[in-house]
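Notes follow once the structure below has been shown.
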Amino acid sequence: MKISTVENLLHEELKDIYDAEKRLVRALPKMAKAASSSELRNAFGEHLEVTKNHVSRLEQVFELFEWPAKTKTCAGMKGLVEEGEEAIAEDATPELKDAALIGAAQRVEHYEMAAYGTARALAEQLGNRDAAALLEETLDEEKEADQKLTEIAEQLLGQIGEGNEPADDEDVSGAQRTSRTRTSGA
């Protein structure tokens, strides 16, 4: 399809996001089942319900523009779901598998935040405040989900770290120096 207007672009973005959310509705129960941490399982379960609301909200946005609610294959989410399936299949301790699941889930959240931010900006450009507000509401929920995953990851990694202390302080300071050097050059 040729994209020749902001409206065309938004329509294509919404179809892509709609497919992404539907894929996530199918993936989240699998991730919840694979999680060993009850807190992570609950977070995935809660986000499944929120994601179902995202699907409904997108349908409202389609209605506001008088477009049919259709999908187009979201290659990005398709790949991210595959990465989640790889995390599920990992041969790892329960804590490390949970950490891998969180990483996969956070990549999904960041992808969605980018998509919703773009869609909201396009809706604003078109002057559709109602659509922009719906998209902003979802964007905020995606940010909240990401934050919750970060908190769970920090707790989980703290538990893992208790049994994996470095042999001496030089290893830690050397790793920190290397890390600072890499980030300061960016």
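Quick rundown of the values:
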read-out: Scan of the range 49-82 for residues that are over 26 Å from E124 (Cβ atoms) and of a type in the set (S, T, N, Q), ordered by number; value: T73
read-out: Matching residues, the range 80-116, being modelled with pLDDT of 95 or more, farther than 17 Å from P29 by Cα and exposed (fewer than 15 other Cβ atoms within 10 Å of the Cβ); value: H110, A114
read-out: E142 vs. criteria within 30 Å of T93 (Cβ to Cβ), at pLDDT 95 or above and surrounded by 13 or more Cβ atoms within 10 Å (Cβ to Cβ); value: yes
read-out: Condition met for T150 (among the hydroxyl-bearing types (S, T, Y), surrounded by fewer than 17 Cβ atoms within 10 Å (Cβ to Cβ) and assigned to a helix (DSSP H, G or I)); value: yes
read-out: In the range 94-133, the residues that are in a helix (DSSP H, G or I) and without any contact (Cβ under 8 Å) to a residue 12 or more places away in the chain; value: A114, A121, E124, R129, A133
read-out: Residue within the range 6-18 that is modelled with pLDDT of 95 or more, in a helix (DSSP H, G or I), β-branched (V, I, T) and within 17 Å of the chain's Cα centre (by Cα) present; value: yes
read-out: Filtered residue count, the range 6-46, keeping only those that are closer than 18 Å to G117 by Cα and either surrounded by fewer than 19 Cβ atoms within 10 Å (Cβ to Cβ) or among the acidic types (D, E) (or both); value: 9
read-out: Hits in the range 43-92 - residues which are in a loop (DSSP other than H, G, I, E, B) and in contact (Cβ under 8 Å) with a residue 12 or more places away in the chain; value: F65, W67, A69, K70, T71, K72, T73, C74
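Results for (1) under 30 Å from L126 (Cβ atoms); (2) not aliphatic (A, V, I, L, M), shown as yes or no for each residue.
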| residue | (1), (2) |
| --- | --- |
| L10 | yes, no |
| K15 | yes, yes |
| Y18 | yes, yes |
| K30 | no, yes |
| E39 | no, yes |
| F44 | no, yes |
| H47 | yes, yes |
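The values are calculated or read from the model by the stated rules, or taken from the named source; none is laboratory data. Because the structure is a prediction, the values reported are computed rather than measured. Counting neighbours? That spans all protein chains shown, and the Cβs are built from the backbone with ideal geometry, glycine included.
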